[in-house]
Amino acid sequence: MLGALLLPSLLLIGVFTYYPAVRSLIGGFYAWNGFSPPTYVGLAQFREYVQSPTFGPEVAHIALLVVGTIATTLVSQFTAAEVVTHLPSLAGRIVKYVLVLPIVFPPLVLIEVWDYLLEPSGLIDRIAVNLGLPHPAWLSNPDTALIGILLIGFPWISNLGFLIFLGGLQNLPKDITDAARVDGTGVLQKTFRIDVPLLFPQFRVVIILSGIYAVQNFIPILLLTNGGPGTATLVPGLDMYQSAFQNDQYGYGMAIGTLLFVAMLVFTLFTMRVLRPRTL
Amino acid sequence: MQRTTKRARLALLASVGVCLPAIAIGTSAATAAASSPIVIRAVLPPNTGPITASDNAGLYQLTKEYERAHPGVSVQWLPNNTASITQANATVESQAAGGAAPDLVWEQYGPVTSGSIPAGLLQNIKPYLEKPNPYVPGNKRWLSLFPSSVIPYMTSPNGDIDIILGSAVETGMFYNKADFAKAGIKSAPVTWAQFMTDLSKLKSAGIQPFVFADGGLCNPSWFERLATSSLLANEVAKFDVNHAQVTTGLDDAVGIKEGIISMKNPRYAEVWKILGQLRQYNYSGAATYDACTSQTSTTPPLDSQALLSDGKVAIVWGGSWYIPNLNSIKGFADKYGVFPEPTITSATTKYALNTVTRGVIGGPNGNGQWGVTSEKADHTMTPAKTAVVMNFLAWLFTPAHNGYWINQSQKGGEIPILKGAPVLNLPGLKSLLPTGKVPTVVDVVLDDVLTTAATTSGLRLVQEYMDGSLSYSGFASQWQSLLTSAAAAWASANHVNLSKY
């Protein structure tokens, strides 16, 4: 009966989370400009999106961002967690706080900082000029704009994944780590033969979260390039947002949202299947 | 068991109890609103800050005076941080979907008269404009205070007036005098051919010649308006079915259907070939800049006039609102000059008609314009409240008041519209004003005339074309497909059968 206490929360989650989600699934089948009555159009908007000239570039960009985000997250955050684990106690604690603290900074501040670094005549540009290096207009050059977006947050450590890896490393079964030490296992050997296999569940969570984050987090793109120049940084999330809230194509935006949801579901199920715990 | 059931009931009661006060508050608020003074919710001009900001000092003063004279009315000004009219309209349409749009919304004539804004969102205010403005002694018809050249901009194809226009802007090329001297350019170019020669001279002198700031819609839509109006001047009559000063969505859709606004029409295709010639002189980070964004913008698009004042490019394409800004930079007032957009002549293309396009881009599309929302878009907008809102507008739109708030808002960079309104005489502004009749303005894709989606896609195509990732043939093919789909979308949204035309 204590479950009844959850009723207000369930009600609010239902109204503010599940209802909009279900409404959006239905909305994809209707053409609606947000003001006039909606018109049923069946699968037309789903078809229109998949056949649009921007669909291919959007899929390519989001694939690159998902792979890039997962790769940078895994490498940087796992490496940082390993280093912190191997540091002496006090130093480890200090470094841990230093690495974790930026999580509390508002993401907008981070985006503004990277905007300052990447904009024409920004800090990176000026350093490159002084060193005689090429200095592309990072965010307004179609060849470098997506790389510029990926660079945001470098060295990509201060995130939840770091804490997940650190927690995992600190809770590895002591008998196994002790046995490895007694056997004289080197750091690299221990990392790849013991830590990585034992942290598979953590890797799975971080991969799924990073993938979802990469798909959902189109805010830096919205603020820094607006999907441009041209379609150089256009991704499905931004297209969904612009279609609905800029172009008044709410139904079309909801159709993109539904397709994104399906894609993320497939990605999550696939990752869970591939990285499922296995008994040797 | 009985105890747990009791607990559950209590929990349920508690959760319902949480909701009840909220409902009660809502009901009492609604009751209170019915008997409380009328509150006019009005959107401020974009990027002018709150009503207490210096840009809005004139509006603030006039509002206070109005409220003092009308104790039952108060005006709540809402800051407007939108970057463009498309963004502003998207906001309004979202609010209107829930019947919660403000009473007075910032607008521009393009989307209002073209049919881009959903029908029924704004009210026809013409009946009020046909009556006297009560704040202008002796006035018999409020509309007579507007210059006859402006009224066509306010009028929709069906004859309604859904927007009131308060300020005009002009556009032109702002240049660095020292750069011109260094490149050996003795006078500002008058023709497009001279302009291209000067760009070449600047480049040869090691100076970054120009920025076509396509991070926002201004420069791209200005170019489209300038070149299309110029090169199609002898064909406008074939598709200008509305005979308006500015082509509407219907005109464009007909022009596209007839193959006049078509990449297969060499005259229209020439517009984009001329744009392509600018690529070699364009600033490499052009897509990070916009000619109309806020000066204080810290994320892209950044303000392109800073490229001129910082000495990074020799010429930027800007508007009359640049003049007060550039003059306020210490020591810069004498270092720049301004010239109107050059005329496209036969020295540039065999399709040139030598159309003088001064005033084509500018006109009554500054900051000081509003639409009045309908009851469907704004559930508080009863006929009685509409009358109050129009009375407040009548107060703002007397010649003296119009000059007062516009001149304070833009420090002379925008021109008050009403006849007899005081105008600040800014150096350089006179050279941008039209000297004769302005030809029919042809707006097609980039100014939200057909659909906002087409405008968004069009800007992306122009960016790709200008940064070289799209060749002319690639651009032409995609632009043609955009024209066709935008015309069909406009016709569908406005329930127009194009085969009748």
Revision key, fill the gap. Candidates A:T54, A:T225, A:T191; GNM for chain A (alpha-carbon contacts under 10 Å) flags as most fluctuating A:T191
**Study point:** Cα-based Kirkwood hydrodynamic radius, segment B:108-157, one decimal, Å
**Key:** 12.1 Å
Point to revise | DSSP-assigned coil residues among trypsin sites (Lys or Arg not before Pro) in segment B:277-363, each with at most 12 further Cβ atoms within 10 Å | key: B:K330, B:K350
Point to revise | D_trans [Stokes-Einstein, Kirkwood Rh over alpha-carbon pairs] for segment B:27-185, 10 °C, 1.306 mPa s, µm² s⁻¹ | key: 85 µm²/s
Exercise for review: Report, to two decimal places, the Cα Rg of the protein assembly as shown normalised by 2.2 N^0.38 Å (N = number of residues).
Suggested key: 1.08
Exercise for review: Compute the acute angle (0 to 90°) between the alpha-carbon long axis of helix B:218-231 and the principal axis of greatest extent of the alpha-carbon atoms of chain B; round to the nearest 10°.
Suggested key: 60 degrees
Exercise for review: For chain B, restrict the atom set to alpha-carbon positions and state the Rg and Dmax in Å.
Suggested key: 25.0, 98
Check your understanding: Are there trypsin sites (Lys or Arg not before Pro) in segment B:385-478 that DSSP marks as loop and that have at most 11 other Cβ atoms within 10 Å, and which are they?
Key -> B:K437
Revision key, fill the gap. Least to most buried among B:D162, B:D240, B:D310, by other C-beta atoms within 10 Å and fewest first, runs B:D310, B:D240, B:D162
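Please identify every one of the trypsin sites (Lys or Arg not before Pro) in segment B:128-184 that sits in a loop by DSSP and has no more than 14 other beta carbons within 10 Å of its own beta carbon. Mind showing how you got there, number by number?
Details: sites: B:K140, B:R141, B:K177, B:K182; in loops: B:K140, B:R141.
Listed in order of number, the matching sites are B:K140, B:R141.
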Study note, to complete from the structure: Computed Rg/Rh for segment A:44-274 (Cα atoms; Rh = Kirkwood radius) stands at 1.04
Check your understanding: When Cβ neighbours within 10 Å are restricted to other protein chains, what is their mean count per residue of peptide B:454-466?
Key -> 4
Point to revise | D (Stokes-Einstein, µm²/s), Kirkwood Cα radius, segment B:378-481, 1.567 mPa s at 4 °C | key: 71 µm²/s
Point to revise | Whole-number percent relative contact order across segment A:44-274, with pairs defined as alpha carbons under 8 Å at least 6 apart | key: 30 percent
Review point. If you bin every alpha carbon distance in segment A:184-238 into 5 Å steps from zero, what whole percent lands in each bin?
Key: 4, 18, 15, 12, 10, 9, 9, 11, 8, 3, 1, 0
Exercise for review: Express in whole angstrom the spacing between the alpha-carbon centres of segment B:142-205 and segment B:57-107.
Suggested key: 29 Å
Review point. For B:H243, B:H401, what's the fewest-to-most ordering of other Cβ within 10 Å of each Cβ?
Key: B:H243, B:H401
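Rounded to the nearest 5, what % of DSSP beta bridges with both residues in the protein assembly as shown are antiparallel? The partial results should precede the final answer.
On the way: 23 of 37 bridges.
Around 60 percent of the beta bridges assigned by DSSP in the protein assembly as shown are antiparallel ones.
Is any helix in chain A, taking whole DSSP H runs, at least 20 angstrom long along its axis by alpha carbon and on average at least -0.5 on the Kyte-Doolittle scale, and which ones?
Numbers: long enough: A:55-86 (46 Å, 1.14); A:200-216 (24 Å, 1.28); A:250-274 (36 Å, 1.58).
Qualifying helices: A:55-86, A:200-216, A:250-274.
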Check your understanding: Which whole-number percentage describes the relative contact order of chain B, with Cα contacts under 8 Å and a sequence gap of 6 or more?
Key -> 24 percent
Exercise for review: Take the alpha-carbon centre of segment B:359-382, take the same for segment B:268-311, and report the distance between them in whole Å.
Suggested key: 28 Å
Exercise for review: List the relative contact order of segment B:112-168 as a percent without decimals, with contacts defined as Cα pairs under 8 Å and 6+ residues apart.
Suggested key: 41 percent
Review point. So, with +1 on the Cβ of K and R and -1 on the Cβ of D and E, and no other charges, what is the size of the charge dipole of segment A:44-274 about its Cα centre, to the nearest 20 debye?
Key: 700 debye
Exercise for review: Please work out the C-alpha center-to-center distance from segment A:147-173 to segment B:445-488 and express it in whole Å.
Suggested key: 41 Å
Exercise for review: Based on other C-beta atoms within 10 Å, arrange B:S200, B:S485, B:S229 from fewest to most.
Suggested key: B:S200, B:S485, B:S229
Point to revise | Under 28 Å from B:K312, Cα to Cα: lysines that are on another chain or at least 8 residues apart | key: B:K177, B:K182, B:K186, B:K201, B:K203, B:K273, B:K330, B:K335, B:K411, B:K430
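Here, each number is a calculation from the coordinates, and none is a lab measurement. As the structure is a prediction and not an experimental result, all values here were calculated from the model. For neighbour counting, all protein chains shown are included, and Cβ atoms are generated from backbone atoms with ideal geometry for every residue, glycine included.
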